[in-house]
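First up is the structure itself, then whatever we jot down about it.
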Amino acid sequence: MAASLPTAGSGLGLPDAPALAGLRVVPGYLDREAQERLLAAVREVIAQAPLYTPRMPRSGQPMSVRMTNCGALGWMTDEQGYRYQPTHPVTGAPWPPIPGILMEAWAELAGYPRPPQACLVNFYGPGARMGLHQDRDEEDFDAPVVSLSLGDTCLFRIGRTTRQGPTRSFRLASGDAVVLGGAARLAFHGVDRVISGTSLLLAEGGRINLTLRRVTRAD
Ligand code: SIN
Ligand code: FE2
């Protein structure tokens, strides 16, 4: 796994992009073999906790991304709003545990003494995207959000902690890691689009993103 953790802004092809402290991008964090191991683990999670279509608060409008979770808590959204809960909204079963390979990635990347409590699994099929948002449903913003990507490359966008601030975009490929810590922990971010055919990892195409989070202050 990658030994050094470059700071975003360097090597992203955007020399004029303002630096955002606490944003770390680690291209190629997972090699192909590790990507395949992680994908196998994610497929086991999905077998126990099927992907479902989340809905936006109030409107109930379906999102284009399909989701599931692993961990003690899982993030979800429906008409009642954004929240964490210990069970799958469709099956009612507890979320499966976070696979070891993800716990290892957290230990290596998060720089935080306690383990992740939630891992959101996002699946982007053709045309799926995610609008700019902040991850702010957690009590604990001291812990970073650690993100790993598998499958097709996406165009990831990140801004500042206000919706109006400047944004920049860069590609995230299969195996890349992103850490949103420090000032970047509450940065607006999203996925403009997924570029079909850029990876052969997922036989069905598309992109999987995994985000590891601390949720509560207490264990
Ligand atoms: C997210 O913000 O939940 C997902 C980000 C990504 O897909 O890279
Ligand atoms: Fe997010």
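The values are calculated or read from the model by the stated rules, or taken from the named source; none is laboratory data. These figures come from a predicted structure and were not determined experimentally. Note that each Cβ is placed from the backbone with ideal geometry, even for glycine, and that neighbours are counted across all protein chains shown.
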Query raised in the report: From the list 215, 179, 191, which residue is farther than 21 Å from residue 107 by Cβ, among the β-branched types (Val, Ile, Thr) and touching a Gly at 6+ places or on another chain (Cβ under 9 Å)?
Result: 191
Query raised in the report: If residue 210 passes every condition in (1) in contact (Cβ under 8 Å) with a residue 60 or more places away in the chain; (2) within 11 Å of ligand 1 (Cβ to nearest atom); (3) over 20 Å from residue 99 (Cβ atoms) but one, which one does it miss?
Result: (3)
Query raised in the report: Within region 69-84, which residues are in contact with a Leu (Cβ under 6 Å, 6 or more places away or on another chain) and on the phi > 0 side of the Ramachandran plot?
Result: none
Query raised in the report: So is residue 24 at pLDDT 95 or above and either over 18 Å from the mean Cα position of the chain (by Cα) or more than 20 Å from residue 180 (Cβ to Cβ) (or both) or not?
Result: no
Query raised in the report: Out of all the residues in region 152-171, which are more than 10 Å from ligand 1 (Cβ to nearest atom), surrounded by 15 or more Cβ atoms within 10 Å (Cβ to Cβ) and not hydrophobic (A, V, I, L, M, F, W, C)?
Result: 152, 153, 159, 160, 167, 168, 169, 171
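Mind listing whichever residues of region 120-141 are touching a residue at least 60 places away in the same chain (Cβ under 8 Å) and either closer than 14 Å to residue 183 by Cα or of a type in the set (Ser, Thr, Tyr) (or both)?
Initially, region 120-141 is screened for residues touching a residue at least 60 places away in the same chain (Cβ under 8 Å), giving 120-130, 135, 137-140.
Result: 124, 135, 140.
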Query raised in the report: Are any of the residues in region 69-83 over 27 Å from residue 205 (Cβ atoms), of a type in the set (S, T, N, Q), more than 13 Å from ligand 2 (Cβ to nearest atom) and free of Cβ contacts under 8 Å to residues at least 60 places away in the same chain?
Result: yes
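Tell me which strands (runs of 3 or more DSSP E) are completely within region 93-196 and hold 2 or more residues being within 14 Å of ligand 2 (Cβ to nearest atom) and of a type in the set (Gly, Ala, Ser), or say none if there are none. Let's see the steps before the verdict.
On the way: elements: 118-124, 130-133, 145-151, 154-158, 168-172, 177-180, 189-194.
Per the criteria, 145-151.
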Requested in this report: For region 47-55, state whether one or more residues are under 15 Å from residue 147 (Cβ atoms), part of a helix (DSSP H, G or I), at pLDDT 95 or above and more than 16 Å from ligand 1 (Cβ to nearest atom).
Outcome: no
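Between 93, 128, which is within 11 Å of ligand 1 (Cβ to nearest atom), small (Gly, Ala, Ser) and over 14 Å from the mean Cα position of the chain (by Cα)?
On the way: 93 fails: within 11 Å of ligand 1 (Cβ to nearest atom).
Only one candidate qualifies: 128.
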Query raised in the report: So residue 141 clears everything in (1) within 12 Å of ligand 1 (Cβ to nearest atom); (2) among the aromatic types (Phe, Trp, Tyr); (3) more than 13 Å from the chain's Cα centre (by Cα) except one condition, right? Which one?
Result: (1)
Query raised in the report: Quick one: which of 149, 174, 196 is closer than 26 Å to residue 56 by Cβ, in contact (Cβ under 8 Å) with a residue 60 or more places away in the chain and either more than 11 Å from ligand 1 (Cβ to nearest atom) or surrounded by fewer than 23 Cβ atoms within 10 Å (Cβ to Cβ) (or both)?
Result: 196
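Is it the case, given these coordinates, that residue 218 is assigned to a loop (DSSP other than H, G, I, E, B), among the hydrophobic types (A, V, I, L, M, F, W, C), without any contact (Cβ under 8 Å) to a residue 60 or more places away in the chain and surrounded by fewer than 19 Cβ atoms within 10 Å (Cβ to Cβ)?
Numbers: assigned to a loop (DSSP other than H, G, I, E, B): yes; among the hydrophobic types (A, V, I, L, M, F, W, C): yes; without any contact (Cβ under 8 Å) to a residue 60 or more places away in the chain: yes; surrounded by fewer than 19 Cβ atoms within 10 Å (Cβ to Cβ): yes.
Judged against the criteria, residue 218 is a match.
Which one of 128, 143 is at pLDDT 95 or above and closer than 14 Å to residue 212 by Cβ?
On the way: 128 fails: closer than 14 Å to residue 212 by Cβ.
Just a single option satisfies the conditions, and that option is 143.
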